[in-house]
Amino acid sequence: MDTLHHHPPTPPPSSSSTSMAKRPCSSSSSQNPRLSPHFSQMDHLLHSFLSFPDSSPPISLDLSFDRLLDSSPSDADQSILIDRAHRLGCLLLRAANRSARKRASIHNSAAWVLPPDLTIKVFSMLDSQSLCYAAATCSMFNKCAMDPLCYANIDLTTVVPKVNNAVVSTMIQRAGKSLQSLKLGIVPGPTGSPGSCQPLVYTIRNSGDVSSFSWNEKRTRQGKESSILTRSCLYPLSGDNGATGTLLRRLHLYNIERMDNASLCVALAACPSLLDLEIVGLHVELRQTLMSVSSHCRFIERLFFESSKTGRDDSLKSPTCFELVNNCPNLSSLSLRGFKLHDYKVRILVKGFRKLKYADFSTSYSITGTFLRNLGNGGGGSLLEVLILRDCMHLKEVEVARFLTAVIAGDFKFLKHLDISNREGLASEGDWYQRSYNSSLIPLQQVLEVRPDICLLAEFPSEGCFLDIDHMIDSDINSELSLPFQQSGQTSDGALVTSSLESSYNSDQGSGNEEYQDSGFVIYEESSDEVDFLVI
C-alpha cells in the first residue's frame, strides 16, 4: 500500500501536456456512466450548472453574476447580459415545466386503467365545464378530450354571462359532424319540471336596477364585451358547407339578446335533422321562426318558444300555422308561452298535430278557451297528456267548465296533467274585466272523483283586485310580485250545470273562435290589418 504513495519525478510541463490537462469534460463524462457519450457541449454545460449543490449559498451566484457584469465594458453590454439571463431563465423554467408534464402524462398513462377508447367514452358523458377541467389535467387526458365524440353534447348555459363567440366556435369545430346537442345562453335558474310555468326569460329586471338602463349600454351592464354572445355565435353550424349542423338533434337558446331573425333562420337552415328546439328570451319574431322551422326542420318533435315580450308578439298568421302542421307531422310537444295567440290559431295547431301529447300556451293574452270545444272527438288533441293554460288572462270560466265536463264524459282519456291556474282569476262570460276567483261552474271535484289519475292545478287568488290591462301588458308578467295562490273552492251545485253545458260544448258553434267556421274560406284576424285567405 505504501508503494502507491511513491511516484516517479514529474517531468516539466510541455505544451502538449498542458493541452491534455485542459480537457476535464471528457474525463468527467467517462467517469459518470449516467451521461450519454452523445451529449453536446450545451448538454454538458447544463449538467454542470444543475449539478451545483443546493447547500451552496445563493449569494455566491449573485456575486458571480455581479462580477460578470463588472467585466462588461459598457452599460449596453450589461443590459444585454441581464436580458439574456432573463430569457435563459424563462426558457429553462418552460423546459422544466414541459418535462414535468410529460413525466406526469407518462405516469398517468401507466396508472390509468382505462384504454383510450373507454376514456373518450367517459369524457363524452361529462358536461362541457367538467370536460375542460379534465382536459387541463394532463397531456393524456387532453389528447382524449380532443376527440370529437367528447363534444357531441355541448352545454354552455350559465347563470351570468361568461361565454363568448370564440368559445362556442372552438367547441363546435372540435365536435365537427359528431355534434348532436347544443345549449347556449343565460338561464336564470333551474329549468322547471314538466307542467310548471316557471319563466325562463332573463331580462335586466331580473338582475338589478333598471332606472338608468339602456339596451344600447350593454357593455357597461355586463362589464366585459368578451363575455357576450352575439348574432354570429351560431355561424359555425353553417361551416364546412353546413356539415357541422347536419346531425344536430337538439338546439336550446336562452336569452341571447343580440340574436336576430336572420341569424336564427340561417342557423335553422343548417340543422335539417333537428328534433328538439327550445328558444327563450330571444328578440325574434314568432312567425318568421315558425316559417324557418317548417321549411328546414321537418323532423322536429319538440318545440318550446317563450317570448321575450310577453303579450306583444301577435305576428303569427293562420297560413303559417297550416304550413307548420303540414310540414312537421312528428311534433308531439308544443309550447308557445307569452304570445298573443287567438283561439282559432291554437285550434289549427292542436287539431293539426296528430301526435301532440304536450301543449303549453301559458301567459297568452288572447286565448279564451273556445279552441277546447270538440277537441277530444278524435283527430289531433285527443292524445293530449299535458295541457297548460296558466295565467291566460282571457281564459273564460265557462270554457274551462265545458272542457272539464267533456273530461268527465270520457273525452281526453290520456290526459294526465291540467293547469288552469290564474293569478288574476278566470274571465267571466260577458266581460273579461269581471274576474272569477271561486267559480261554481267549474266541476273540479267531479273531475277528481271520475279521473283520480289527473293532476289538476287550479290555483286562484283569494281576493279580487282591480285589473288594468294597459298596466298589465306594459309590466313584466314574470315579476316576482304576484298574488298568493290557493285552491279554488268547490260547490255542490257543480253537477247541476253539467247537463246544460254539455249540449253547448258539443254544439256546431264550437269551432274555436266566434268568427271562424269549419266550413269557411276567409279568416279575418282581429289583431292585424292583414287578411289571410286560405281553404280549410
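The values are calculated or read from the model by the stated rules, or taken from the named source; none is laboratory data. Predicted model, so just to flag it, every value in this text is computed and none were measured. Virtual Cβ from ideal backbone geometry, glycine too; neighbours counted across all protein chains shown. Only protein heavy atoms, including side chains, enter the accessible area calculation; ligands, DNA and RNA are left aside. Shrake-Rupley method; radii C 1.70, N 1.55, O 1.52, S 1.80 Å.
Among all positions in the stretch 384-395, there is at least one residue which is in a strand (DSSP E or B), open to solvent by less than 20 Å² (accessible area, probe 1.4 Å), closer than 16 Å to Asp419 by Cβ and touching a residue at least 60 places away in the same chain (Cβ under 8 Å). Take the stretch 157-180 and flag every residue that is buried (at least 19 other Cβ atoms within 10 Å of the Cβ) and among the hydrophobic types (A, V, I, L, M, F, W, C). Selection gives Val163, Val167, Val168, Met171, Ile172, Ala175, Leu179. Any chance you could count how many residues in the stretch 101-130 are charged (D, E, K, R) and part of a loop (DSSP other than H, G, I, E, B)? Within the stretch 101-130, residues that are charged (D, E, K, R) and part of a loop (DSSP other than H, G, I, E, B) number 1. Examine the stretch 363-372 for a residue that is open to solvent by 30 Å² or more (accessible area, probe 1.4 Å), without any contact (Cβ under 8 Å) to a residue 60 or more places away in the chain and assigned to a loop (DSSP other than H, G, I, E, B), and state whether such a residue exists. For the stretch 363-372, residues open to solvent by 30 Å² or more (accessible area, probe 1.4 Å), without any contact (Cβ under 8 Å) to a residue 60 or more places away in the chain and assigned to a loop (DSSP other than H, G, I, E, B): absent.
Of all the listed residues (Val407, Val400), the sole one being more than 27 Å from the chain's Cα centre (by Cα), at negative phi and buried (at least 23 other Cβ atoms within 10 Å of the Cβ) is Val400. Going through (1) at pLDDT 85 or above; (2) surrounded by fewer than 10 Cβ atoms within 10 Å (Cβ to Cβ) one by one, Ile59 falls short only on (1). Within the stretch 444-458, the residues that satisfy the criterion of being assigned to a loop (DSSP other than H, G, I, E, B) and closer than 17 Å to Leu389 by Cβ are Ile454, Ala458.
Looking across the stretch 69-95 at every residue that is open to solvent by 60 Å² or more (accessible area, probe 1.4 Å) and part of a loop (DSSP other than H, G, I, E, B), the one that is farthest from Leu46 (Cα to Cα) is identified as Pro73. The set of residues from the stretch 280-322 being open to solvent by less than 20 Å² (accessible area, probe 1.4 Å), part of a loop (DSSP other than H, G, I, E, B) and not basic (Lys, Arg) comprises Gly281, Leu282, Val284, Cys297, Ile300, Ser307, Thr310, Gly311, Asp313, Ser315, Leu316. Only one entry in Ser294, Ser227 is of a type in the set (S, T, N, Q) and modelled with pLDDT of 95 or more, namely Ser294.
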